[in-house]
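Visitor: To start, I am sharing the structure in question, which I have written as C-alpha cells.
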Number of protein chains: 2
Amino acid sequence: MSAADVTGRLAQAAGSVSKDRLWRRHLEMSRIGATGRGGLNRLALTPEDGQAQALIAGWAAARGYTTTRDAAGNVFIRREGSRPDAPAVMTGSHLDSQPNGGCFDGTYGVLAGFEVLEALDDAGIATPHPIEVVAWMNEEGSRFVPGAMGSAAFTGFLPLQDVLEKKDAAGVTVREALARIDGSTPLAARAPGPPPAAYVEAHIEQGPILESRGDTIGVVTGIQGIRRFAVEVLGEEGHAGTTPRASRKDALSAAVALISALERLTADAEDQVRFTVGRMAVEPNSPNTIPGKVTFSIDLRHPSKDLLARTGDLIHATVSEVAASRRVDAKVQDISFVAPTTFLPLVPEAVRSAASAEGLPHHVLPSGAGHDAMHLSRICPTGMVFIPCLNGRSHTEVESATPEDLFAGARVLARVIAELALQSC
Amino acid sequence: MSAADVTGRLAQAAGSVSKDRLWRRHLEMSRIGATGRGGLNRLALTPEDGQAQALIAGWAAARGYTTTRDAAGNVFIRREGSRPDAPAVMTGSHLDSQPNGGCFDGTYGVLAGFEVLEALDDAGIATPHPIEVVAWMNEEGSRFVPGAMGSAAFTGFLPLQDVLEKKDAAGVTVREALARIDGSTPLAARAPGPPPAAYVEAHIEQGPILESRGDTIGVVTGIQGIRRFAVEVLGEEGHAGTTPRASRKDALSAAVALISALERLTADAEDQVRFTVGRMAVEPNSPNTIPGKVTFSIDLRHPSKDLLARTGDLIHATVSEVAASRRVDAKVQDISFVAPTTFLPLVPEAVRSAASAEGLPHHVLPSGAGHDAMHLSRICPTGMVFIPCLNGRSHTEVESATPEDLFAGARVLARVIAELALQSC
C-alpha cells in the first residue's frame, strides 16, 4: 500500500468515528453499577462487571466479532485481520471501577477501542493485523490487591496461579469470583497467543494538565515512577496545660515541621515532582494531650528514576535532621519503589502525528497514574492517548468528560490503531 | 493566742508529720485499682473507688473522725474544732483516677490532708475551726463528663440535679452509681453546712517546672484559663500522581501551614502560653489521595484572660489568612473559654510563708491543669501546694513522686491548715 493510500485510510478511519454512537455507548454502559449520584460502583468480577462484559459482547456479536475470556479474566473482542496468524494490535483499558468511581476511568478506553473497530468496518477498511479490544481484569485494585492484576498476569509479570489465589475483603479468591462470572456471563475461552504487535490505551488524564492548557490530546510518553515511604515520629505524651514548650517532645508539632521541610525539599520549579502526605495518624489523639506518636505516609512520583532515587535519599536525611532539632525520634521506612516506565517511541510518535493530522491541540506528558499500559510496555511497543477530564478529577462520582473530547480521542485512536494494523506483518 | 504561740504550734504541727506513715498510706491506697503496671484504674464511683473510701474511712474511725458523704458523692472526714459551729477549714483532692492513671494525682491531696489531721492529734493541737479532709467526686472526668463534678455541685456551680443525671459510657447515671456505692460502702449522710473558712489542696504539679528548677514547693497563685477551638480545613481530594502542586487544594498541606503559623503566633519568650494541637483527623486518609478535609483541635492556656481573648482573636485571623493563601476554606469554631482563676492572696501567702519556714526551695506559679480548687475559689479563700513529679508526667502509669517530696508538701500543708484553723472564728 502506498504512503498516500495509508494516509487516506487513516483519514477514513477517523472520519468514520461516530461521536453520537460513542456517547450513547457510554450512557448505556454507565447504567451498569450506577450509584444513582452520577458515579459507578462496578468492582472487578462482580455481577455488575459481568453485566458490563455481556453488554459489550452483545454489541460485538452484532458486528461479527468474537469475544473471549482468558484464564486471568481479561476479556478480548477480536476483529480478524486478513492475516489471522499475525499478532494482534491491541487496545482497551478496563470496565471495573472504584467503589465511588466515575463513568469514564477505564470504560472510555474500552468503548473508544470498540468504536475504532466499528469505524473501520463502516469505512470498509480491512487490516492485515487482527485488532483486539481488551477489558483488563481488576485494574482498580479496589476489590483485589494489587491493581492492574489482569494485565500483570497476561504479560507474565505476576504468575497466573498467584493472581488466582488473591482474596477480596470477604475472603473470596479471584479463582472463585472468576468461576462465578464464567457461569453468569459465559464467554469462549481465549487460548494463549503471541505477544501483541502493539498496545494503545485511551484514557481520561485523571489530572488537570490538559484542561488547564486548553489541549485536547495528551501524547503519553510513559508512566512516572512511585516511591512510597512510611514515617513514624516518636515524641512523648504530656499534659497540654502543664508542659512548657521547651520541655515538650510534641510528635505532631515535629511532624508538621517535618512535612514543611519535605515540601520545601521536593518543590521543583517545573512542578513535576508529586509529593503527597495522604495519611496521618496521631496518638493518643486527645485534644488536651501532647501527641506522643504520629505516623504519616509519603507518596513521591516523578518520571525520572534518578530523581526518585536521589530525592528518596534526601527524605531520609531531612527527616533525621528535623527530628534531631525537635528532640523526637523519627524513622523513615521504604515501602516500595516502582521505577518509571518509558514507552518506546513508536506509539507515542503515532499518537502525536494523529493528533496533528486531526488538527487537535496536544501536549506531550507522562502519565501521573498507573495503568495496564505499564505492564504491556514490557512485551510490546505501547502508548496511551489522554483526553481532558473536568477539573482533573477522577476516582470520584463527579468525574466527567465531554462528548467532544471523547470523540477527539477516539479519532486519534482510530488513526493510530489503523496505522499499526495496516503495517505489513 | 500570741503570735509566738502560733508560730510554735505551726512548727509542732509540721514536726509531727510522719514521712513513713504518709508513704505507707500511699502504698496501701495504691493497691486499690492497681493496674499491675504501677498505675491506677480507679474510676469515679466504681467498686474500687468505694474500696478506697472505705479504707480511709476506716483510718478515720480509728482516730475518732467522722466520715460522711454528701448528696453529690463527695466524702468528708471531719476533725472537730473547739467551736463546732465554726466553718471548717477544708483540704483534700480526689481518689478517682484516669483509666491509666498514676498513684499520686488526687490521692496525694487526700492522704496529705489526712496526715495533717493525724499530725495535729499527735502534736496535741486543738483548733477552734473544725478541719475537713475531702475526696471530691469524679474530678478526672474519665467516667462522667465534666470533671470536677463533685466540687462543682458542692459550690453550686452545677445544679445537683443536673450532676445526678449525667451518664457514663454504659448509660449508668451518677444517681445510680451513687446508690450502688452508698450500698457497698455506706457512710453517714452529710448535711449541708456553711461555706468553708478556706480550702487548701496539695497536688503533684503534673508538669516539669518545679523539677527542672530544683524547687520542692509550688506556691500556686491560681489556675490558668483555657480556650478550646476546632479547626476544619476543606480542600479538594485529588489523585496523588496526576495533580501538579499548583493545582492542588491539599487540606493536609494547608493544615501543616496553619499549625506552623499558629505556633509562631503563640510562641512567647516567657514560655507561658500553652498551645497544643492534640487531635487531628484526615479524610479520606489514603496514601495516594490528596486529602480533601482535615480537622484539628487547638488547646490554648494562659493565666491571663486578656491574653487568651487577644490570642484567640488572632487565631481566627491567622487561619483566615493562611487558608486564603493556600486556596482552601478553613473555619475556626470556638468550643469553650474557661477564664483563669486567681486565688485570693490569703492562702498562697500562707503557703509561701510555710515553705520558707520549712526551709524548702519554692516557686510561685499558676496551675497548668484544672483542679477542684477552681470551684472552691468561688466560695472561699483558696490555694494549692504543688510538689514535683518525675519528669513532669501525670495521667500515665509512670507518674511518680518521691517520699521526700510528699513529706515536704505535707509539712507545708500542716502549717497552712494549722494557721487557718487556729484563727479565731
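The values are calculated or read from the model by the stated rules, or taken from the named source; none is laboratory data. Worth saying up front: this structure is predicted, and the values here are computed from it rather than measured. Because the Cβ atoms are built from the backbone with ideal geometry, glycine has one as well, and the counts that use them run over all protein chains shown. Note: areas computed on protein heavy atoms with side chains; ligands, DNA, RNA excluded. Shrake-Rupley method; radii C 1.70, N 1.55, O 1.52, S 1.80 Å.
Visitor: So, of the residues in region B:210-248 that are within 10 Å of another protein chain (Cβ to nearest Cβ) and of a type in the set (Lys, Arg), which turns out to be farthest from residue A:389 (Cα to Cα)?
Guide: Only one residue fits best here, namely B:228.
Visitor: Could you check, for region A:157-169, whether at least one of its residues is open to solvent by 10 Å² or more (accessible area, probe 1.4 Å), farther than 30 Å from residue A:329 by Cα, aliphatic (A, V, I, L, M) and assigned to a helix (DSSP H, G or I)?
Guide: yes
Visitor: Right, another one. Which of the strands (runs of 3 or more DSSP E) found entirely inside region B:252-360 contain at least 2 residues meeting this: more than 30 Å from residue A:141 (Cα to Cα)?
Guide: It comes to B:274-276, B:293-302, B:329-338.
Visitor: Confirm whether residue B:337 is open to solvent by less than 40 Å² (accessible area, probe 1.4 Å) and under 20 Å from the mean Cα position of the chain (by Cα).
Guide: It is false that residue B:337 is open to solvent by less than 40 Å² (accessible area, probe 1.4 Å) and under 20 Å from the mean Cα position of the chain (by Cα).
Visitor: What pairs come up if the first residue lies in region A:377-398 and is under 26 Å from residue B:237 (Cβ atoms) and buried (at least 21 other Cβ atoms within 10 Å of the Cβ), the second is modelled with pLDDT under 90 and of a type in the set (Gly, Ala, Ser), and their beta carbons are under 8 Å apart, counting only those six or more places apart or on different chains?
Guide: Every condition considered, the pairs that remain are A:392/B:238; A:393/B:238.
Visitor: Would you check if residue B:181 is within 22 Å of residue B:371 (Cα to Cα) and either open to solvent by less than 40 Å² (accessible area, probe 1.4 Å) or not small (Gly, Ala, Ser) (or both)?
Guide: Spelling it out, it is not the case that residue B:181 is within 22 Å of residue B:371 (Cα to Cα) and either open to solvent by less than 40 Å² (accessible area, probe 1.4 Å) or not small (Gly, Ala, Ser) (or both).
Visitor: Right, here's the next one. If we scan region A:90-107, do we find a residue that is β-branched (Val, Ile, Thr) and either in a helix (DSSP H, G or I) or modelled with pLDDT under 95 (or both)?
Guide: yes
Visitor: On to the next question. Quick one: is residue A:43 touching a residue at least 60 places away in the same chain (Cβ under 8 Å) and either aliphatic (A, V, I, L, M) or in contact with a strand residue (DSSP E or B) (Cβ under 9 Å, 6 or more places away or on another chain) (or both)?
Guide: yes
Visitor: Provide a single number: the residues in region A:212-246 that are buried (at least 20 other Cβ atoms within 10 Å of the Cβ), farther than 23 Å from residue A:376 by Cβ and of a type in the set (Gly, Ala, Ser).
Guide: The number of residues fulfilling the criteria is 4.
Visitor: For the subset of region A:278-318 comprising residues that are in contact (Cβ under 8 Å) with a residue 60 or more places away in the chain and more than 21 Å from residue A:267 (Cβ to Cβ), which member is farthest from the chain's Cα centre (by Cα)?
Guide: The selected residue is A:293.
Visitor: I'd like the full set of residues that are assigned to a loop (DSSP other than H, G, I, E, B) and within 17 Å of the chain's Cα centre (by Cα), limited to region A:140-156.
Guide: Matches in region A:140-156: A:140, A:141, A:142, A:143, A:144, A:145, A:146, A:147, A:148, A:155.
Visitor: Here's something else I'd like to know. When only residues in region B:402-419 that are of a type outside the set (Asp, Glu), open to solvent by 10 Å² or more (accessible area, probe 1.4 Å) and touching a residue at least 40 places away in the same chain (Cβ under 8 Å) count, which is farthest from residue B:127 (Cα to Cα)?
Guide: The extreme case among them is B:403.
Visitor: Within region B:55-108, count every residue that is without any contact (Cβ under 8 Å) to a residue 60 or more places away in the chain and among the charged types (D, E, K, R).
Guide: So the count comes out to 6.
Visitor: Looking only at region B:272-290, count every residue that is more than 7 Å from chain A (Cβ to nearest Cβ) and open to solvent by less than 50 Å² (accessible area, probe 1.4 Å) and tell me the total.
Guide: Selection size over region B:272-290: 3.
Visitor: Would you mind stating whether residue A:126 is outside any loop (DSSP other than H, G, I, E, B), aliphatic (A, V, I, L, M) and open to solvent by 20 Å² or more (accessible area, probe 1.4 Å)?
Guide: no
Visitor: Still on this structure, I have one more. Could you please find all residues in region A:51-73 being assigned to a helix (DSSP H, G or I) and farther than 17 Å from residue A:115 by Cα?
Guide: Within region A:51-73, just A:51 meets the criteria.
Visitor: Could you list, in sequence order, all residues of region B:89-104 that are touching a strand residue (DSSP E or B) at 6+ places or on another chain (Cβ under 6 Å) and open to solvent by 10 Å² or more (accessible area, probe 1.4 Å)?
Guide: Residues satisfying the conditions are B:103, B:104.
Visitor: Hey, residue A:179 hits all of (1) among the small types (Gly, Ala, Ser); (2) within 14 Å of chain B (Cβ to nearest Cβ); (3) not in a loop (DSSP other than H, G, I, E, B) but one; which does it fall short on?
Guide: Single failed check for residue A:179: (2).
Visitor: Have a look at B:25, B:42 and point out the one that is in contact with a Gly (Cβ under 8 Å, 6 or more places away or on another chain) and surrounded by 21 or more Cβ atoms within 10 Å (Cβ to Cβ).
Guide: Among B:25, B:42, only B:42 is in contact with a Gly (Cβ under 8 Å, 6 or more places away or on another chain) and surrounded by 21 or more Cβ atoms within 10 Å (Cβ to Cβ).
Visitor: Can you name the residue in region B:211-264 that is of a type in the set (D, E, K, R) and more than 36 Å from the chain's Cα centre (by Cα) and, of all such residues, is nearest to residue B:283 (Cα to Cα)?
Guide: B:237
Visitor: Please work out which one of (1) among the small types (Gly, Ala, Ser); (2) surrounded by 15 or more Cβ atoms within 10 Å (Cβ to Cβ); (3) assigned to a loop (DSSP other than H, G, I, E, B) is the condition residue A:36 fails and give its number.
Guide: (2)
Visitor: Being buried (at least 22 other Cβ atoms within 10 Å of the Cβ) and either more than 7 Å from chain B (Cβ to nearest Cβ) or farther than 30 Å from residue A:365 by Cβ (or both) is the filter here, so list the residues in region A:249-271 that pass it.
Guide: Residues satisfying the conditions are A:250, A:251, A:252, A:253, A:254, A:255, A:256, A:258, A:262.
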